[in-house]
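Chemist: Below: one structure in C-alpha cells.
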Amino acid sequence: MFQYIIRRILIAIPVLFGVTVFTFFVINMAPGNPVDMYVNPSATPQQIALAKEQLGLNDPLWVQYGHWLGQLFQGNLGFSYSTREPVTSMLIERLGPTLLLMGTSLIVAYLIAIPLGILSATRQYSWIDYLTTGFSFLGVSIPHFFLGLGAIYIFASKLELLPTGGMNTLGGTTGFGDTFFHMILPVLVLATGIAGNMVRYVRSSMIDVLGKDYLRTARAKGLRNFIVTNKHALRNALIPIITIIGMDIPLLIGGAVVTEQVFQWPGLGQLTIQSIGSRDYSALMALNLIAAIAVLVSNLLTDVVYSIVDPRIKYE
Amino acid sequence: MDYIQKKSKKMMKQLVLFLSLISLVFLTACGGSGGSSNKGDKTMYIGMVNPPASFNPINSSDIAAQYAERFMFDSFLDMTSALEFKPKLADSIDTTDNQTYTIKLNPKAKWSDGQSITADDVVFTFNLIANPKTETHVGGNLSPLQGLDGAGKLPAGQTTIPGLKTVDEHTVEFKTQKPVDPNYVKEMIGTKVITLPEHVLKDVAPDKLAEDPFMIKPNVTSGPYKFVKYSKNQYVQYVSNDKYYLGKPKIKNMYIKIMPAPNLVAQLQSGEIQMNASFGIGDITFQDLDTVKKLSNVNTSVEKQIGFQTMQFNTKTIKDAKVRQAFVYAINRQQIVDKLLKGQGEIVDGPYTSLNPYLDKSIKPIPYDPNKAKQMLKDAGFDFNKTINFVVPIGNKIREDSANIIAENLKAVGVKVKTTTYDFPTIMQKGKAGDFDILLIGFTMNLDPDLSSLYAPGGTYNFMGYDNPENTDLLKQGKSEPDATKRKEIYNKLQNLWEKDMPVITLYSMKEIVAVSKNVTHGGPKPFGTQYDLQDWDLKSK
C-alpha cells in the first residue's frame with residue numbers, strides 16, 4: 001500500500017509538469033496581454049512598450065516559462081501582473097474563505113443527501129421517493145446564479161433576515177456568529193446543487209445493492225432491517241459514492257466561481273474570474289497548479305479509501 | 001473482516017472529525033476583531049463597484065485605485081472645476097516663462113509619522129518615476145520635462161533629471177524641454193503625480209518598488225486618512241489622520257465598501273452606505289434611477305462627466321470618409337440615450353463633452369437621418385454586399401445594448417452587419433491588429449485637450465489607423481502651444497477636421513447618478529475635485 005502511494009506520487013510529478021506546460025501556453029495564446037489592462041488611456045506608445053519590457057512579456061514564451069518554473073522550484077509563485085502582489089499571499093488570503101464555504105457546503109450536502117438517498121431507495125416508488133427524486137432533479141437543474149439571486153431577493157431584500165453578501169459585517173461586531181450568518185445563503189445554494197446530484201447516486205447505488213442475494217440472506221438470518229440497510233447494504237453501495245465525493249473534493253479548492261461572484265464571497269473563484277479578465281498570467285498559473293494538485297491528491301485519496309471500504313480491492 | 005471494518009469506521013470518524021475541525025479553524029481565523037471604536041466616533045461607508053488593484057500611487061492605472069489612494073495621499077493641487085486649481089500639498093505651481101516651473105509646498109505638510117514633507121521627497125519621487133527601471137503609470141505625465149523621453153524616462157544608467165532641483169526646504173524647481181501650457185503642468189503633474197516618502201522608500205531598488213509591501217499596505221501617508229486594512233473585494237478601511245495639516249478630519253472611520261452595482265441602491269436605502277462612489281467606479285444603473293430618486297433618506301442628482309463612448313471606424317477597410325459619415329447619419333443616438341440612459345446622456349460628435357472648455361460649441365452633432373444615409377452610401381458607391389465586422393467589448397451592459405440598436409440602424413439603411421463580442425483584452429488585441437470594421441470603446445481622458453493617444457498615428461488607442469498629415473501636424477502644434485487661447489483655436493480646427501474625416505464618432509457621454517444620504521452634511525461625489533476637502537466631510541450627529 002505504502003509503495004503504491006509513493007508510486008502514485010512519483011507519477012504525479014510528470015503529470016503536473018505537463019499540466020503547467022499546457023496551461024502556460026494556452027493562457028498565453030489567449031488574445032490580449034496584461035499590459036492592455038494595466039496602462040491608463042492617455043498612455044503613450046513608449047510607455048506601453050516600456051511596461052511590456054519591464055514585465056518580461058517581450059521574451060520568447062519558452063524563456064518566460066523557464067523563468068516561471070525556476071521561480072517555482074524556489075517556492076516562489078511570482079508576482080501578480082495586475083496588483084504586483086506576491087501570488088502566494090493572494091492565494092492564501094483567498095484559500096481560507098473558499099475552504100470554509102466549500103467544506104461546509106459539502107458536509108451539509110452529504111448530511112442531507114446520504115440519509116435521504118437511503119430512505120428513498122428503501123421506500124422505492126413511495127411518495128417520499130418521488131419527493132426526493134423530484135427535489136434532487138430541481139437541485140441539479142436550477143442554475144446556481146438563479147437560486148442565489150432568488151435567495152437574496154427573498155431572504156435578504158424582502159424578509160431582511162440575512163445579509164446580501166460578503167463574509168463579515170463592516171465596522172460592526174465580527175466573529176464566528178457574524179460569518180455564520182453570511183454563510184447561510186451561499187451554503188444553502190451550493191449544498192442544494194451538490195446534494196441534488198449526490199442523492200441520485202446514493203439512491204441508485206443502494207437500490208442496486210438492496211436487490212443482491214447476500215442481503216436476502218442477511219435478512220433471512222433474522223438481522224434487523226435497520227442494520228441490514230445501514231451496515232451491510234450502505235457499505236457495499238459506498239464505492240460509487242466515494243467516487244463522487246472524490247470528484248467533489250477538488251471543488252473545495254477550485255471554489256464555486258458563480259456562487260462566490262453572486263454572494264461577493266472573497267474566495268478563489270472570484271480571484272479566478274478577475275485574473276482571467278486582467279490576463280494575470282502568474283495568478284492563473286498558480287490557480288491552475290493548485291487545482292491540478294487538488295485533483296491528483298483527491299484521486300489518490302479516493303483509491304486509498306476504496307481499499308478500506310472494500311477489502312477485495314488491493315493495490316500492489 | 002471485523003477488524004478491518006472497525007478500522008475503517010474509525011478512519012471515517014476521524015475524517016469527519018478532521019473536516020469539521022478544519023471548518024472550525026477557518027471560521028475562527030476569519031472572524032478576528034473589527035478594530036476598536038469609541039462611541040461618538042463618526043463612520044462613513046462609500047459604495048464602490050470596481051475593486052482597487054493596489055495602492056501604489058505612482059503605478060495605478062485603474063480609477064478605483066486612484067480614488068482609494070486619494071484618501072491617503074495628497075496631490076500638489078486639486079481641480080475643483082474645469083481648469084480651476086486649488087492648493088493642496090503645494091501652495092502653488094508657478095512659472096514666469098512657461099518653461100521653468102516652481103512648486104511651493106505647504107510648509108506645514110507632514111507625513112503621518114510626523115516627518116515633514118519636503119522638497120527632497122518631491123525630487124526623490126520625480127527621479128524615481130523617471131528611472132527607466134521603475135514601473136509607473138505617470139511616466140507620460142513627466143514626459144515634457146528636460147532629459148526625458150516620450151515615456152517620461154531617463155536614458156539607461158542615469159538616475160537624476162537634469163534641471164530638477166530643490167530651491168529650499170519647501171520649494172522645487174523643474175524645467176520643461178519646450179514652453180508648456182501651465183494648465184497642462186497643473187493638471188498632469190499638479191493633480192496626478194503623488195509624492196512618495198523618501199525616508200521610507202529610499203532603500204528600495206527601483207525595479208522592486210512596485211512589488212514592495214508599501215504599495216500594498218502603505219504605512220506612511222500624507223492625506224487626511226490613514227490606511228488600516230484592505231479586505232480583497234470587500235472593503236478598504238481607513239482611520240482619520242488627526243494631525244493632518246489641512247485640519248483634523250471630522251469623520252473618524254472611513255470605509256469603501258465593494259459590491260455589485262445592483263446592491264448600491266439597496267444599501268443606500270438601508271443606510272449601510274452613505275453614498276455611491278459614482279463616476280465610473282460606483283455607478284448606479286439607470287434602471288434604478290427612479291427607485292433611488294424615490295428614496296426618502298437620499299438626495300439624488302445627475303451629473304455630467306468627461307468620459308465618453310465612441311465608435312471607431314477602421315479607416316483601412318472603410319476608406320471613404322463619406323461612407324463613415326453616412327454610418328453616423330444612420331445611427332439613432334438619441335434613441336440610445338432615451339432608451340438605455342433614460343435620457344441622461346449627452347450627444348457630441350467629438351471627444352470633448354460640454355464640461356470641457358475646449359469643446360467647439362459651433363459644431364452641431366450630426367442628426368439621425370436614415371434617408372440621407374442611404375443616399376450618401378449610394379453616392380459613394382458603397383458595396384451593400386460587404387458584411388461589416390462590428391466588434392463590441394463585454395463588461396458594460398449599456399454599451400452592449402447600444403450595439404444592438406446600432407446594428408439594427410445600420411441594417412435599416414441596407415448595410416449588412418455581423419456583431420461579435422469579446423472580453424476587453426481581446427478587444428485591445430483585435431483593435432491593434434485592425435481586425436474589425438467598426439468597434440465600440442469608451443474613454444475617460446484628462447481635461448487637457450491633447451488626445452494624441454487616440455488620434456495620432458501610432459497612438460495607443462488609434463485603432464482606426466487614422467493618419468492625416470494635417471491632423472498629425474495640428475496635434476503637435478496643440479501639444480506644444482503654451483498659450484491657452486491659441487491652443488483653443490488649434491483644437492477647434494482639429495474638431496472640425498475630425499468631423500470631416502470622421503475616423504471615430506462619440507456615441508454618447510453617459511451622465512452619472514450621484515446618491516448621497518441626507519445624513520451627510522458635507523461631501524459627496526462630484527465631476528471634479530471630489531476628494532478636495534475630505535477633511536471637512538461630515539455626518540449628522542446621532
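Chemist: Quick one: order B:Ser278, B:Ser116 from most to least accessible surface, probe 1.4 Å. Numbers along the way, then the final one.
Modeler: On the way: B:Ser278 0, B:Ser116 40 Å².
In descending accessible area the options line up as B:Ser116, B:Ser278.
Chemist: Largest first, what is the accessible-area ranking of B:Glu169, B:Glu499 with a 1.4 Å probe?
Modeler: Order by accessible area, largest first: B:Glu169, B:Glu499.
Chemist: Calculate how many DSSP beta bridges within the protein assembly as shown are antiparallel, expressed in % of all such bridges and rounded to the nearest 5. Numbers along the way, then the final one.
Modeler: Numbers: 54 of 71 bridges.
Approximately 75 percent, going by the DSSP bridge assignments.
Chemist: Then there is this: For the range A:127-143, take each phi angle, set θ = phi - 60°, evaluate the Karplus expression 6.51 cos²θ - 1.76 cosθ + 1.60, and give the result in whole Hz per residue in order, putting x for glycine and proline.
Modeler: So the J values, rounded to whole Hz, are 5, 5, 5, 5, 4, 5, 5, x, 5, 5, 4, 4, x, 6, 8, 6, x.
Chemist: P(r) for the protein assembly as shown, please, calculated from all Cα pair distances in 10 Å bins and given in %.
Modeler: Going from the shortest bin to the longest, the percentages are 2, 11, 19, 22, 20, 13, 8, 4, 2, 0, 0.
Chemist: Another one. Name the residues of the range B:401-441, by number, that are at least 40 Å² less accessible with every protein chain in place than in the isolated chain; the surface is that of heavy atoms, probe 1.4 Å, without ligands or nucleic acids.
Modeler: Residues meeting the cut-off: B:Pro425.
Chemist: For the pairs B:Lys319/B:Lys430; B:Lys165/B:Lys304; B:Lys86/B:Lys488; A:Lys52/B:Lys339; B:Lys186/B:Lys232; B:Lys232/B:Lys293, flag any whose C-alpha to C-alpha distance is greater than 29 Å.
Modeler: B:Lys165/B:Lys304; A:Lys52/B:Lys339; B:Lys186/B:Lys232; B:Lys232/B:Lys293
Chemist: Got a sec? Which residues of the range A:278-315 lose 30 Å² or more of accessible surface with every protein chain in place, vs. that chain alone, 1.4 Å probe?
Modeler: A:Arg279, A:Ile308, A:Pro311
Chemist: Counting only residues 5 or more places away or on other chains, whose amide H sits under 5 Å from the amide H of B:Tyr245 once H atoms are built in the peptide plane?
Modeler: B:Lys110
Chemist: Comparing the chain by itself with all protein chains present, which residues of the range A:50-70 are at least 40 Å² less accessible (probe 1.4 Å)?
Modeler: Flagged in the range A:50-70: A:Leu50, A:Gln54.
Chemist: How far apart, in nanometres, would the label points at A:Met29 and B:Gln177 be if each is projected 7 angstrom from Cα along the Cα-to-Cβ direction?
Modeler: 4.2 nm
Chemist: Show me, for the range B:112-123, the HN-Hα J-couplings you get by feeding each phi into the Karplus relation (A = 6.51, B = -1.76, C = 1.60, θ = phi - 60°), rounded to Hz, glycine and proline as x.
Modeler: So the J values, rounded to whole Hz, are 5, 8, x, 6, 5, 8, 10, 4, 4, 4, 5, 4.
Chemist: While we're on this one: Considering only DSSP states other than H, G, I, E and B, which trypsin sites (Lys or Arg not before Pro) in the range A:218-300 qualify as loop sites with at most 13 other Cβ atoms within 10 Å?
Modeler: Numbers: sites: A:Arg219, A:Lys221, A:Arg224, A:Lys231, A:Arg235, A:Arg279; in loops: A:Lys221, A:Arg224, A:Arg279.
When the trypsin sites (Lys or Arg not before Pro) of the range A:218-300 are filtered for loop state and at most 13 Cβ neighbours within 10 Å, A:Lys221, A:Arg224 remain.
Chemist: Given a 1.4 Å probe and heavy atoms of the protein chains only, how would you sort B:Lys88, B:Lys304, largest accessible area at the top? Show your work: numbers first, answer last.
Modeler: On the way: B:Lys88 10, B:Lys304 80 Å².
Sorted by accessible area, descending: B:Lys304, B:Lys88.
Chemist: So how much accessible area does B:Glu481 have, in Å² to the nearest 10, using a 1.4 Å probe?
Modeler: So the heavy atoms of B:Glu481 present about 40 Å² to solvent.
Chemist: Another one. Each residue of the range A:62-76 in turn: what ³J(HN,Hα) in whole Hz from Karplus with 6.51, -1.76, 1.60 and θ = phi - 60°, glycine and Pro shown as x?
Modeler: 5, 5, 4, 5, x, 5, 4, 5, x, 4, 4, 5, 8, x, 10
Chemist: If each DSSP helix of 4+ residues adds -39,500 (n - 2.57) and the sum is divided by the residues in chain A, what number results at 222 nm, nearest 500 deg cm²/dmol?
Modeler: Values: 13 runs with 224 residues, N = 316.
The per-residue figure over chain A is -24000 deg cm²/dmol.
Chemist: Keeping every protein chain present and rolling a 1.4 Å probe, give me the accessible area per residue for the range A:97-262 in Å². The partial results should precede the final answer.
Modeler: On the way: 8150 Å² over 166 residues.
Dividing the accessible area of the range A:97-262 by its residue count gives 49 Å².
Chemist: Just to be sure I understand: if you take the accessible area of chain A alone plus chain B alone and subtract the pair, with a 1.4 Å probe, what total do you get in Å², rounded to 100?
Modeler: On the way: alone 17730 and 24760 Å², together 37510 Å².
Accessible area lost upon association: around 5000 Å².
Chemist: Let me know the shape class of chain B, please: from the alpha-carbon gyration tensor, a ≥ b ≥ c as square roots of the eigenvalues, rounded when a/c is under 1.5, otherwise prolate if a/b is greater than b/c, or oblate. Show your work: numbers first, answer last.
Modeler: Working: a/c = 1.67, a/b = 1.18, b/c = 1.42.
Taking the square roots of the gyration eigenvalues as a ≥ b ≥ c, chain B is oblate.
Chemist: Further, regarding this structure: Please give the solvent-accessible surface of A:Ser282 in Å², to the nearest 10, using a probe radius of 1.4 Å with every protein chain present.
Modeler: 10 Å²
Chemist: Shifting gears a bit: Cα centroid distance between the range B:408-464 and the range B:150-229, in Å?
Modeler: Comparing the Cα centres of the range B:408-464 and the range B:150-229, I get a distance of 33 Å.
Chemist: With a/c under 1.5 counting as rounded, go ahead and sort the range A:97-262 into rounded, prolate or oblate using the C-alpha gyration tensor (a ≥ b ≥ c being the square roots of the eigenvalues; past the cut-off, prolate if a/b is larger than b/c, else oblate).
Modeler: On the way: a/c = 2.62, a/b = 2.27, b/c = 1.15.
Note, shape of the range A:97-262 comes out prolate.
Chemist: Of all beta bridges DSSP finds with both residues in chain B, what is the antiparallel percent, to the nearest 5? Provide the component values of the computation, followed by the final result.
Modeler: Details: 53 of 70 bridges.
Counting DSSP beta bridges with both partners in chain B, the antiparallel share is about 75 percent.
Chemist: Check each of the trypsin sites (Lys or Arg not before Pro) in the range B:121-203 and keep only those in coil by DSSP with at most 16 other C-beta atoms within 10 angstrom; list them in order. Intermediate results must be reported in sequence, preceding the final value.
Modeler: Working: sites: B:Lys133, B:Lys153, B:Lys165, B:Lys175, B:Lys186, B:Lys192, B:Lys202; in loops: B:Lys133, B:Lys153, B:Lys192, B:Lys202.
Here the trypsin sites (Lys or Arg not before Pro) that fit, given the DSSP loop and packing criteria, are B:Lys133, B:Lys202.
Chemist: On the accessible surface of the protein assembly as shown, probed at 1.4 Å, how many percent belong to carbon and sulfur atoms?
Modeler: Numbers: 22170 of 37510 Å².
Answer for the protein assembly as shown: carbon and sulfur cover 59 percent of the accessible area.
Chemist: I would also like to ask the following. Specify the inter-centroid distance of the range B:39-79 and the range B:87-112, based on alpha-carbon positions, in whole Å.
Modeler: Distance between centres, Cα-based: 22 Å.
Chemist: Still on this structure: Amide H neighbours of B:Thr134 under 5 Å, at least 5 residues apart or on other chains, H built in the peptide plane: list them.
Modeler: For B:Thr134, no residues qualify.
Chemist: I've got another one for you. Report A:Met1's accessible area, 1.4 Å probe, all protein chains in place, as a number in Å² to the nearest 10.
Modeler: 90 Å²
Chemist: How large is the helix-only mean residue ellipticity at 222 nm for chain B, computed as the sum of -39500 (n - 2.57) over DSSP H runs with n ≥ 4, divided by its residue count, in deg cm²/dmol to the nearest 500?
Modeler: On the way: 16 runs with 165 residues, N = 542.
Taking each H run of at least 4 residues, the total per residue is -9000 deg cm²/dmol.
Chemist: Starting from the Cα gyration tensor of chain A, take the square roots of the eigenvalues, sort them a ≥ b ≥ c, and report rounded, prolate or oblate (rounded when a/c is under 1.5, otherwise prolate if a/b is larger than b/c, else oblate). Could you put the intermediate results ahead of the total?
Modeler: Numbers: a/c = 2.93, a/b = 1.58, b/c = 1.85.
It comes out oblate by the Cα gyration axes.
Chemist: Run through the range B:355-404 and list the chymotrypsin sites (Phe, Trp or Tyr not before Pro) located in a DSSP loop whose Cβ has at most 12 other Cβ atoms within 10 Å.
Modeler: Working: sites: B:Tyr358, B:Tyr368, B:Phe382, B:Phe384, B:Phe390; in loops: B:Tyr358, B:Tyr368, B:Phe382, B:Phe384.
Sites meeting the loop and neighbour criteria: B:Phe384.
Chemist: Taking the alpha-carbon centroid of each part, what is the distance from the range A:294-316 to the range A:1-45 in angstrom?
Modeler: Cα centroid of the range A:294-316 versus Cα centroid of the range A:1-45: 28 Å apart.
The values are calculated or read from the model by the stated rules, or taken from the named source; none is laboratory data. Only a predicted model underlies this, so the values are computations on that prediction, with no experimental measurement involved. Note that we place each Cβ from the backbone using ideal geometry, even for glycine, and neighbour counts take in every protein chain shown. Please note that ligands, DNA and RNA were not included when accessible areas were found on the heavy atoms of the full protein model with its side chains. Shrake-Rupley method; radii C 1.70, N 1.55, O 1.52, S 1.80 Å.
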